[in-house]
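Working notes for the structure below.
Please treat every number below as a calculation from the coordinates, not as lab data. Everything quoted here is computed from the prediction, not taken from an experiment.
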Amino acid sequence: MKDMIKEIVDIDHEAQQITDAAQMKKLNSAEEVAKRREEIRNQYLARARKRIEKNEPAEQAFAEEEWKKTEKHYAAVREKLEADYQKNGDQWVNELVGRVLGA
């Protein structure tokens, strides 16, 4: 009977050691997963920063070109408005004054 109790205690002790080892393995795995996740994140961010650095000059040149096109467009619009005003300005003023005073 004593041998049987000792055997049960030994088996329980052995089971506890196996459980403890599994628990430690689980904790270590979780830590490794977290560490690997952080490594992957850092690698992704590094690649993204390199891509941004690489694309920045092209994007800057594109933005400058778009700005020049916009400036050119608005300069043409301004010139047309100024030409129209030079041509029709007096007529427009007289008509506006006439409408306001005639109202």
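Structure notes:
- Three-way shape label, the range 8-61, alpha-carbon gyration tensor, a/c 1.5: prolate
- Between helix 2-102 and the chain: long-axis angle, C-alpha atoms, 0 to 90°, nearest 10: 0 degrees
- Within the chain, helix-based [θ] at 222 nm, where runs of 4 or more DSSP H residues each add -39,500 (n - 2.57), nearest 500: -37500 deg cm²/dmol
- Tensor-based shape of the range 39-98 (alpha-carbon gyration tensor, a/c under 1.5 rounded, otherwise prolate or oblate): prolate
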